[in-house]
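The values are calculated or read from the model by the stated rules, or taken from the named source; none is laboratory data. Model, not experiment: these values are computed from the prediction. Note that each Cβ is placed from the backbone with ideal geometry, even for glycine, and that neighbours are counted across all protein chains shown.
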């Protein structure tokens, strides 16, 4: 299994500001995934982050709004830029350490006022 | 990705077996059937996965129909800790690039366990 930590666990931010969320894994992994879970909704994939290459974004998500860094095999960051209240969500990272088993972090609960 | 259909909610009594159904009539031959669950205020947790044969692990059993158009997640004795949203997800086993490992979550089934 993999142990995944995220920082911060929660935050309350003002509109127009940016927040960077960190995801740390206790094992080296090739791919990390970033998901968003809006209130009362299911998870939606934002992007896939491979170490050493640009992240691959899903339809509806763009790099200017959600820049991602992947400096090494155990760490990634997701920035939510120029936030609005619609960005209030839980943001989760995940990894697939064992084929067909993804492990998820505890999530970062973001509230934008 | 092929779609899945699950009931919105189900109830079970504590210590009774629970059968959570999932329909996936458009499943392709290389789609694995995955189940994840999300407990309140937590990230999703892997439960089980399978391709054609029934599967058992310490958490649950997965029964797959012979035509693979449906499957059932079986919790043998529900506990209060099993109250969660259960997601049935199909994913192609073939590797074709960065996007092939993504999980596409539907709305899932919210399981309530009654003491």
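Taking residue A:53 as meeting all but one of (1) within 13 Å of another protein chain (Cβ to nearest Cβ); (2) surrounded by 16 or more Cβ atoms within 10 Å (Cβ to Cβ); (3) touching a helix residue (DSSP H, G or I) at 6+ places or on another chain (Cβ under 9 Å); (4) more than 22 Å from residue B:39 (Cα to Cα), write down the number of the exception.
(2)
Of (1) within 11 Å of another protein chain (Cβ to nearest Cβ); (2) within 30 Å of residue B:55 (Cβ to Cβ); (3) loosely packed, with under 14 Cβ neighbours inside 10 Å, residue A:9 satisfies all except one. Which?
All conditions pass for residue A:9, except number (2).
Is it fair to say residue A:46 is within 11 Å of the chain's Cα centre (by Cα) and free of Cβ contacts under 8 Å to residues at least 60 places away in the same chain?
So residue A:46 fits the description; yes.
Kindly provide the set of residues from the range A:23-37 that are away from every other protein chain (no Cβ under 12 Å) and under 25 Å from residue A:12 (Cα atoms), ordered by number.
Answer for the range A:23-37, where residues must be away from every other protein chain (no Cβ under 12 Å) and under 25 Å from residue A:12 (Cα atoms): A:24, A:25.
Scan the range A:74-103 for residues that are free of Cβ contacts under 8 Å to residues at least 60 places away in the same chain and over 28 Å from residue B:37 (Cβ atoms) and jot them down.
none
Yes or no, residue by residue, for (1) modelled with pLDDT under 90; (2) more than 14 Å from chain A (Cβ to nearest Cβ):
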{"site": "B:48", "(1), (2)": "no, no"}
{"site": "B:55", "(1), (2)": "no, no"}
{"site": "B:58", "(1), (2)": "no, no"}
{"site": "B:73", "(1), (2)": "no, yes"}
{"site": "B:82", "(1), (2)": "no, yes"}
{"site": "B:92", "(1), (2)": "yes, no"}
{"site": "B:113", "(1), (2)": "no, yes"}
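At pLDDT 95 or above and either in a loop (DSSP other than H, G, I, E, B) or over 10 Å from the mean Cα position of the chain (by Cα) (or both): does that describe residue B:12?
yes
Test of understanding: among B:86, B:32, which residue is touching a residue at least 40 places away in the same chain (Cβ under 8 Å), assigned to a strand (DSSP E or B) and over 20 Å from residue A:36 (Cα atoms)?
The match here is B:32.
Only one residue in B:23, B:13 is in contact with a strand residue (DSSP E or B) (Cβ under 7 Å, 6 or more places away or on another chain), under 28 Å from residue A:36 (Cα atoms) and touching a residue at least 40 places away in the same chain (Cβ under 8 Å). Which one?
Checking each option against the conditions leaves just B:23.
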